[in-house]
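The structure under discussion appears below in the form of structure tokens.
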Amino acid sequence: MSNDFNFVCSSARLRRELSARNLLRAKEHASELTYGEIPSVIYNEGENDCHGNFLRESYRRICATPAWRKRLDKVYTGSRFVPRQMERRRAELDCCNSSDALLMNVFCYPGVLARNSVRSILGVDRRAIMEFGFRPYTPLNRNGIDRTEIDLRIGDVLIEAKLIEADFQSAQLPLLQRYRDFESVFDVESLSVRRGMVASYQLVRGVLAAVALNCSYCVLCDQRRPDLIEEWYRIMRAIPSAAIRSQLKVLTWQEIARALSRKQQAFLAEKYGILPS
């Protein structure tokens, strides 16, 4: 396992890193493993408000906040790879690779927005409301509305969080042309289109949601994944408006870690190999 925060790796290699770290952690927490060459640890809720995939302080605050607790019910799509899959229902945030779980570990920790360093790096107010799984009203043609989920809204900042995901998904060009502001925000010829498929569909959709809401849009990913960072820069280069580009940014988990408490930093280092940059 690498302890170098400048270590560059692919999605698969980072998944191996997280698998190795969590196999060690799983010895002390209720958990099970998925089938496969790179097993994922699926944590179970333990005793005394303990869950192996979360910092205890973050988990308690999640459970005590009804709107946040709903995220714990998000279904784990890889359940077919878990032994005795019919015995119980697994959730997405039980998986050691979940970017949503990482996001909530960071931002649900008590007092996180009271830290000047966190507010400064995000550009948010101390009283900003956090909404996980935010569903914006993004206008489509013919007065339609798209309410596809954004990982987190903090005040006027929309956040797309990534960890081991291979990319930002692709979609057919006509699907994006349904958005009212698509061609006014993007130089379509500058987007990466292959065989009618537009790369980084999630980012295009997120930018359009931010423009419609007059919000900033931030991509949060691992410093060890420069491929994802470059994909985001490609999308930004396809936006002619300097005013819109000024509302877009990328942050890494390592940069966020630098602004957090020592307890959070230790947790991120042990479980994810994320060290303050």
**Item:** Checking Thr252 against (1) within 30 Å of Glu17 (Cα to Cα); (2) of a type outside the set (A, V, I, L, M, F, W, C); (3) open to solvent by 50 Å² or more (accessible area, probe 1.4 Å), the condition it does not meet
**Value:** (3)
**Request:** Test each condition in (1) among the hydroxyl-bearing types (Ser, Thr, Tyr); (2) over 17 Å from the mean Cα position of the chain (by Cα); (3) within 22 Å of Val250 (Cα to Cα) for Thr148 and report the one that comes out false.
**Result:** (2)
**Prompt:** Going by the conditions given, is Glu160 in contact with a Gly (Cβ under 9 Å, 6 or more places away or on another chain), open to solvent by less than 20 Å² (accessible area, probe 1.4 Å) and charged (D, E, K, R)?
**Reply:** yes
**Asked** Which residue pairs have Cβ atoms under 8 Å apart, sit 6 or more places apart or on different chains, and have a first residue in region 243-255 that is more than 19 Å from Asp222 (Cβ to Cβ) and a second that is open to solvent by less than 30 Å² (accessible area, probe 1.4 Å)?
**Response** Ile244/Val185; Ile244/Val207; Arg245/Met236; Arg245/Ile239; Gln247/Ala210; Gln247/Cys215; Gln247/Ser216; Gln247/Tyr217
**Request:** Any chance you could count how many residues in region 145-183 are free of Cβ contacts under 8 Å to residues at least 12 places away in the same chain and among the hydrophobic types (A, V, I, L, M, F, W, C)?
**Result:** 1
**Message:** Out of the residues in region 154-193 meeting the condition of being touching a strand residue (DSSP E or B) at 6+ places or on another chain (Cβ under 8 Å) and among the charged types (D, E, K, R), tell me which one is nearest to Val118 (Cα to Cα).
**Reply:** Asp156
**Prompt:** Considering Ala259, Ala266, which residue is modelled with pLDDT of 95 or more and either farther than 19 Å from Ile154 by Cβ or open to solvent by 20 Å² or more (accessible area, probe 1.4 Å) (or both)?
**Reply:** Ala266
**Some residue of region 169-177 being open to solvent by 60 Å² or more (accessible area, probe 1.4 Å) and in contact with a Cys (Cβ under 9 Å, 6 or more places away or on another chain)** = no
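The values are calculated or read from the model by the stated rules, or taken from the named source; none is laboratory data. From a predicted model like this one, the values you see are computed outputs, not experimental measurements. Reconstructed Cβ throughout: ideal geometry from the backbone, glycine too, with neighbour counts over all protein chains shown. Ligands, DNA and RNA are stripped out before the accessible areas are found, and what is left, the full protein with its side chains, is counted by its heavy atoms. Shrake-Rupley method; radii C 1.70, N 1.55, O 1.52, S 1.80 Å.
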